[in-house]
Amino acid sequence: MINQIIHFDHPNPSELNKALLKIVHGNLETTVAGNPGGRRTDWNLHEKGIKEIDILHDWIRELIPKAVSIAHTASEAARTVMMIDKESNVDKEVLDDSQIEIDTYPNFDQDGFKIHQSWGIYYNKGEGVELHNHFPYTFTACYYVNIPEGSAPIIMEGEELSPVAGRVVFFPGHLYHEVVPAQNHADGRCAIPSNIVYSPFIEMEEYSEIVPTLVATAQTLTSKLKELQAQISGSSDFTVLKTAVSGSLEEIKL
C-alpha cells in the first residue's frame, strides 16, 4: 500500500503555514465524525480567493502531473511483475531490473486532473476522524499545515504514516484512512486536503454558450424524424421513401 502514496515537501513552508493555520482556524464551521471529531471548514476553501490558499493550490496543481506519472509507473510496474509471475519459462531468480520493461508512457491526459474540493481540518488533543475514504475521487492531496509534537499519525489501510508540516501527500481516493482520537496528544494538528477528479474534457462553463443551440438542434431533429416516420409509414414505394428522407436531411442540414 505504501507505494501508492506519493509525497512532496514545500520548498519554503514556514511563513505560508503560519498564515494557513490562521485561515483554517478562522474558517472552521462544523465537526467531523470521529468520537470526538476534529473541526473543518466548508468544502470550497480553494474558491474563496484567499491569497495563501491560492498559493498552496497553485503549487499542488503544478505537482499533480508529476504525482500522476509516478502513480502510473508504479501501477505499470505492479502489472509487469504480475505478468512475469504468470510466465512459467522465466527464471525469476536471475531476472534483474534491467531485463524488466515497464510501460511508463501514459495513455491518458496528465493535465486532465483538477481540484474539485478542498477544506481545512483542525484537531485538538483527543480528537480525530473515523475510518473513511474519498471515493469516487481519483486522488486526494493532503497538505499538512501544523503538526505539533504528540500529533497523531494517519492510519492508511492499517499502516501508520507520520505527517510532516509542509508536506503534501497524494494517495488514491479509494484508500481508507483515519486519525485515531486516542493517539492525538496535541492541540492544533492541522491539514488541508483536496479531492482531485479526472476531467480531461472541456469544462461545462467553457461551452455553456452553445448548449441552447445543441438543445434546439436536438429538438428539431426529433421533430423531423417524427415527420419522416409519418410520411413513410405504410409506404413501400422506394421513390417516395428516398424523397422523404432526402428532404428531411436537407431541412436539418445533416
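The values are calculated or read from the model by the stated rules, or taken from the named source; none is laboratory data. The shown structure was predicted, so the numbers you read here are calculated from the model rather than taken from an experiment. Because the Cβ atoms are built from the backbone with ideal geometry, glycine has one as well, and the counts that use them run over all protein chains shown.
Listed values, structure above:
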quantity	calculated
Subset of segment 147-160 [closer than 19 Å to Pro13 by Cβ and surrounded by fewer than 18 Cβ atoms within 10 Å (Cβ to Cβ)]	Pro148, Glu149
Selection count, segment 159-183, where residues are free of Cβ contacts under 8 Å to residues at least 24 places away in the same chain and among the small types (Gly, Ala, Ser)	1
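Residue-by-condition table, conditions (1) surrounded by fewer than 16 Cβ atoms within 10 Å (Cβ to Cβ); (2) assigned by TED's automatic domain parsing to the domain that holds Ile154; (3) touching a His at 6+ places or on another chain (Cβ under 8 Å):
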{"residue": "Asn12", "(1), (2), (3)": "yes, yes, no"}
{"residue": "Val24", "(1), (2), (3)": "no, yes, no"}
{"residue": "Thr30", "(1), (2), (3)": "yes, yes, no"}
{"residue": "Thr41", "(1), (2), (3)": "no, yes, no"}
{"residue": "Ile53", "(1), (2), (3)": "no, yes, yes"}
{"residue": "Glu62", "(1), (2), (3)": "yes, yes, no"}
{"residue": "Ser69", "(1), (2), (3)": "yes, yes, no"}
{"residue": "His72", "(1), (2), (3)": "no, yes, no"}
